[in-house]
Amino acid sequence: MRYEKFDIKNENSQDYAALYVYLLDHTQEISIDRRPMVIVCPGGGYAFLSDREAEMIAVKFLSFGYHAAVLRYSVAPARFPTALLELGRSVALVRKHAEEWHVHPDQIVVNGFSAGGHMAASFCMFWSENWVAEALGVEKEALRPNAMILGYPVITSGPYAHKGSFQCLLGEEYEEKKGALSLENCVNENTPRAFVWHTFEDGSVPVQNSIMLVEALAKHHIPTEFHLFEKGGHGLALANRLTQSRNGSTIKLDAEEWIELAHRWMEGWIL
């Protein structure tokens, strides 16, 4: 396996912002010439980045035979659209190196958790807007995400909002811009297919966030798979002992199957 770190900063990025890429070795003994790439975006309320939703997630996707990357994007005091542009630069970087890295250029997936889900979904809804390509100095098609996998994502800035995420993302412009980043209102014809999961018991990011998103995706005829698990609080990550938090149990084996379900969903459209 090949492991590399890439600079994806823009002028407003934090010093730590980088893309960590994990590439499976290519071999003539296996018939697969190009593999999907899953870019993992950890959560943390746009205030920090959760290690529990980073490398262990990437390793699991590697075990499925996919390439993976972890985006350590800029959080507060960085403001919108700093992190979104870092994800855009990451997608463009992967597509630029697709042949060299044996990545299928039409199988680039963004995976986000909690506020990282908001960031990933924001990119999936705004990538085709002129300002994104202009800010990054690339053609729009270089930025196209082919799918998104969202775990207990922050979506709405309305009554069911995780208010802290939007405050960290927008700072002093919170009141002015929060409505424009309420993503249930931002789905469009260029939004890619989606896999979404959440838990009914989530006490931090209410399940209505995912339900509102899925309703908007269905309204726009975007292919979507949605799983709602009854048990489990927020921030489950893999929902097993491999990502258990130190200050509380995040083992909920009923929800552990989300990543296997995502794997089967992936296999259904990449073939």
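The values are calculated or read from the model by the stated rules, or taken from the named source; none is laboratory data. Everything numeric here is computed off the predicted structure, so don't read it as measured data. Quick reminder, even Gly has a Cβ in these numbers, built from the backbone with ideal geometry, and neighbours come from all protein chains shown.
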Query raised in the report: Does region 24-34 contain at least one residue that is over 18 Å from the mean Cα position of the chain (by Cα), surrounded by fewer than 24 Cβ atoms within 10 Å (Cβ to Cβ) and within 28 Å of residue 189 (Cα to Cα)?
Result: yes
Query raised in the report: Taking interchain pairs and intrachain pairs at least six residues apart, which have beta carbon atoms under 7 angstrom, with the first residue in region 13-41 and closer than 20 Å to residue 121 by Cα and without any contact (Cβ under 8 Å) to a residue 60 or more places away in the chain and the second hydrophobic (A, V, I, L, M, F, W, C) and surrounded by fewer than 21 Cβ atoms within 10 Å (Cβ to Cβ)?
Result: 18/6
Report task. Please work out if residue 86 is at pLDDT 95 or above, of a type in the set (Asp, Glu) and either within 19 Å of residue 237 (Cα to Cα) or touching a Lys or Arg at 6+ places or on another chain (Cβ under 6 Å) (or both). Result -> no
Report summary line: Within region 163-199, residues being of a type outside the set (A, V, I, L, M) and in contact with a Ser or Thr (Cβ under 6 Å, 6 or more places away or on another chain) number 6
Report summary line: residue 107: passes all of (1) in contact with a helix residue (DSSP H, G or I) (Cβ under 7 Å, 6 or more places away or on another chain); (2) free of Cβ contacts under 8 Å to residues at least 24 places away in the same chain but (2)
Query - Selected residue (criterion: nearest to residue 108 (Cα to Cα)) from residues of region 18-54 that are aliphatic (A, V, I, L, M) and in contact with a Phe, Trp or Tyr (Cβ under 6 Å, 6 or more places away or on another chain) - result: 38
Query - Selection status of residue 180, in contact with a Phe, Trp or Tyr (Cβ under 8 Å, 6 or more places away or on another chain), small (Gly, Ala, Ser), modelled with pLDDT of 95 or more and within 26 Å of residue 78 (Cβ to Cβ) - result: no
Requested in this report: Taking the residues in region 133-148 that are small (Gly, Ala, Ser) and assigned to a helix (DSSP H, G or I) as candidates, determine which candidate is nearest to the chain's Cα centre (by Cα).
Outcome: 142
Query raised in the report: Which of (1) at pLDDT 95 or above; (2) of a type in the set (Ser, Thr, Tyr); (3) farther than 19 Å from residue 41 by Cα is the odd one out, the single condition residue 165 does not satisfy?
Result: (3)
Query raised in the report: If you go through region 109-151 one residue at a time, how many are touching a strand residue (DSSP E or B) at 6+ places or on another chain (Cβ under 9 Å) and over 22 Å from residue 57 (Cα atoms)?
Result: 1
Requested in this report: Looking only at region 18-38, decide whether some residue is part of a strand (DSSP E or B), acidic (Asp, Glu), under 19 Å from residue 103 (Cα atoms) and at pLDDT 95 or above.
Outcome: no
Query raised in the report: Which condition breaks for residue 129 when tested against (1) touching a residue at least 24 places away in the same chain (Cβ under 8 Å); (2) within 27 Å of residue 12 (Cβ to Cβ)?
Result: (1)
**Report entry** Within region 166-186, tally of residues that are in contact with a helix residue (DSSP H, G or I) (Cβ under 7 Å, 6 or more places away or on another chain), among the hydroxyl-bearing types (Ser, Thr, Tyr) and closer than 22 Å to residue 215 by Cα
**Finding:** 0
